[in-house]
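Visitor: I have a structure here, written as structure tokens, and I will follow up with some questions on it.
Only the coordinates and a few stated rules stand behind these numbers; no lab work does. These figures come from a predicted structure and were not determined experimentally. Here the Cβ positions follow ideal geometry from the backbone for every residue, glycine too, while neighbour counts run over all protein chains shown.
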Amino acid sequence: MPLSTVSVTCLYLATGLYVLGLVFFILRKELLTGAIFFSGFLFHTMSQISRGWFIGAFTPIAIVEEIFFLPWCLAFLTLVLRYFVKDNRLVYSTLSPVLFFSFIALIYPKGVFPPSPQIQTIFSPLFFVFEVLAHACFCIGAWFSLQYLYHRNYAGFFSSIVIWGFIFYSIAQVVGAIWCYLGWASLFNWSERHLQSAAIWCFYAAFLHIRLLSGWDTKKKARLAIAGFALVFLLSYLGHLGEMNAARLGG
């Protein structure tokens, strides 16, 4: 079986298991939810790894393409949080955003963008690893912010995840500057992509400072975290959806 077929098949299996996990989550069967979710994550991991050989030659940039890598990062962070947060009900509620972005990956073209000379450096995939991991943190932080606004018993928890997202995003900007210099002989370009990244970074830098003001209670911080991920979705994620009709290798 070609690895491209393995990648797509495992993605469908992973999504199916996530759906089943959500069903057991709704039925309040946390042990079954955890077991099924972990099984789905294993298939998801196999899908991402085999995607690296989607066109017959190893292309690391294909593994970290955001449409496919973001739901994997969300699932990975869910498993990490499982060991640091005692409330399983809260942790596995992230199945909803995992499924949402997994469904988008299912309908998205599975092919790989033709490799270019600029991505023939380790800094290219490293940039996307940290950027997408940051987006996943912003997403889960916003999700837990919603949980707080509805239940009011998870104060401050979402803020810590957003801070980790800001750390990952800052690392991505440094790595991206190195990649930009190696590929385009400039640390920064006044392009739409770079300006959008700068806007997102400035927003979350402001979040870190505003949250320290005495007048900003947890409720306001939660709303700001939700607005932050809305900004990420509009400026970054929708840009990838706009590339659905772009030329690809392998489908």
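Visitor: For the chain, what are the DSSP H helices with axial Cα length of 20 Å or more and mean Kyte-Doolittle hydropathy of at least 0.0?
Guide: Span-like helices, by this rule, are 3-26, 30-51, 66-82, 123-151, 157-184, 192-210, 218-232.
Visitor: Quick one: which residues, 5+ away or cross-chain, put their amide H under 5 Å from the amide H of residue 249? H built at 1.01 Å from N.
Guide: When sequence neighbours closer than 5 places are left aside, the close amide H contacts are 112, 113.
Visitor: Label the stretch 176-251 by shape, choosing from rounded, prolate and oblate, from the square roots a ≥ b ≥ c of the eigenvalues of the Cα gyration tensor; if a/c is under 1.5 it is rounded, and otherwise prolate applies when a/b is larger than b/c, oblate when it is not.
Guide: Oblate.
Visitor: What FRET efficiency do you get for residue 23 and residue 214 if R0 is 51 Å and r is their Cβ-Cβ distance, rounded to the nearest 0.05?
Guide: For residue 23 and residue 214, the calculated efficiency is 0.70.
Visitor: Using a 10 Å Cβ count of at most 12 others and DSSP loop calls, identify the longest part of the chain lacking such trypsin sites (Lys or Arg not before Pro).
Guide: 153-251
Visitor: Another question, if that's okay. In the stretch 196-237, if every C-alpha pair distance is counted and binned at 5 Å from zero, what percent goes to each bin?
Guide: 6, 24, 31, 20, 12, 6, 1
Visitor: Right, another one. Only sites in a loop by DSSP and with at most 10 other Cβ atoms within 10 Å count here; which chymotrypsin sites (Phe, Trp or Tyr not before Pro) in the stretch 102-186 make the cut?
Guide: Sites meeting the loop and neighbour criteria: none at all.
Visitor: Once both labels are modelled 7 Å past Cα along the beta-carbon direction, what's the residue 240-residue 113 spacing in nm?
Guide: Rounded to a tenth, the inter-label distance reads 1.1 nm.
Visitor: Using Cα pairs closer than 8 Å and at least 6 residues apart in sequence, work out the relative contact order for the chain, in percent.
Guide: 20 percent.
Visitor: For residue 30, put the label point 7 Å out on the Cα→Cβ axis and report which residues of the stretch 54-95 keep their amide N under 13 Å from it.
Guide: Within reach of a label on residue 30, which here means backbone N under 13 Å from a point 7 Å along Cα→Cβ, the stretch 54-95 contributes 82-93.
Visitor: Beyond 18 Å, what share of the Cα-Cα pairs of the stretch 1-124 is found? Please give it as a whole percent.
Guide: The proportion of pairs with Cα distances above 18 Å equals 52 percent.
Visitor: On a straight-distance basis, which lysines could pair with residue 110 in a cross-link, Cα separation under 22 angstrom, same-chain partners fewer than 8 positions away excluded?
Guide: none
Visitor: Additional query: Classify the stretch 174-217: rounded, prolate or oblate, from the alpha-carbon gyration tensor (a ≥ b ≥ c, eigenvalue square roots; a/c under 1.5 rounded; otherwise prolate if a/b is larger than b/c)?
Guide: Taking the square roots of the gyration eigenvalues as a ≥ b ≥ c, the stretch 174-217 is prolate.
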